[in-house]
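Here's the structure, in structure tokens; my notes come after.
Taken together, the values in this text are just the output of simple stated rules run on the coordinates, not laboratory data. Just so it is clear, the structure is predicted and the values come from calculations on it, not from any experiment. Note that we place each Cβ from the backbone using ideal geometry, even for glycine, and neighbour counts take in every protein chain shown.
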Amino acid sequence: MSTIYILWMRQLKRYFRSRSRIIGALGQPLLFLIAFGYGFGSIFAAAGGGNYMNFLVPGIISQSILFTAISSGINLIWDRQFGFLKETLAAPVSRLEIMLGQALGGATVATIQGAVVLVLSLFMGFSPANWLLVPLAILAMFLLSLLFTLVGIAIASKMEDFQGFQLIINFLIMPLFFLSGALFPVSAMPKALAVVAQINPVTYGVDMIRGFLSGTTHFGYTTDFAFVGGLTILLLVIGSYLFSRIEV
């Protein structure tokens, strides 16, 4: 357990030491909130959708989580390039503990990033439907963060350079985000896109966070939690296997 804690805290120290990284990671979510929240708010309301900012914020929080969590795999490549991973793997601890420390650290960082976006959105007109459910929304953020941190680790386990990793995650992130119901309701999508959205794990993460923050869900809490939780367990198994086969 001490190894998990040390690696967990190491990820957090990396995050808080890099102010430029924190500010840079907030740039895109804020741009989306301003451009879409204020730009499409009146259109969404006129179409009978209600307050668009309340609909949009959970999706933008999920976007911030998705980008930060899956990008945490870069830390694994960094550790491999500079020899820290080799030293860690040589220690008398299981590789599962090492991977869990990396995953929990990355998930915590992504959750903090999502929470910061939530706080900033309060100054832009967003208001949670029930403040008592905000802690549950934070837990939902952490679960989604853990899922995509494990995705990032699984990909990074098979990569040896930063450029290749960036190309793969850029290819994955944008389709996952835009086809998740983050910017517009799944019920309003064309049937073909709605089918794709229903197999997209981000869709269920967005829906779960939106339920706790805005009071409305498309699939229901049980379905959302079962899908995201089940996939997280599956990725934990896959990630553990791939991590166990890392050669440094």
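When 213, 236, 242 are checked against the criterion of being closer than 28 Å to residue 184 by Cα and either of a type in the set (A, V, I, L, M, F, W, C) or in contact with a Cys (Cβ under 9 Å, 6 or more places away or on another chain) (or both), 213 stands alone in meeting it. Scanning segment 188-201 for residues that are assigned to a helix (DSSP H, G or I), under 23 Å from the mean Cα position of the chain (by Cα) and hydrophobic (A, V, I, L, M, F, W, C) turns up 193, 194, 195, 196, 197. Taking segment 202-228 as the range and being surrounded by fewer than 21 Cβ atoms within 10 Å (Cβ to Cβ), in a helix (DSSP H, G or I) and of a type outside the set (Phe, Trp, Tyr) as the test, the residues that pass are 222, 223, 226. Residues in segment 167-192 that are free of Cβ contacts under 8 Å to residues at least 40 places away in the same chain and surrounded by fewer than 16 Cβ atoms within 10 Å (Cβ to Cβ): 167, 170, 171, 174, 175, 187, 188, 190, 191, 192. Return the residues of segment 133-158 that are surrounded by fewer than 20 Cβ atoms within 10 Å (Cβ to Cβ) and not in a helix (DSSP H, G or I); say none if nothing qualifies. Residue satisfying the conditions is 158 alone.
Considering each residue of segment 241-248 in turn, at least one proves to be closer than 19 Å to residue 102 by Cβ and of a type in the set (Gly, Ala, Ser).
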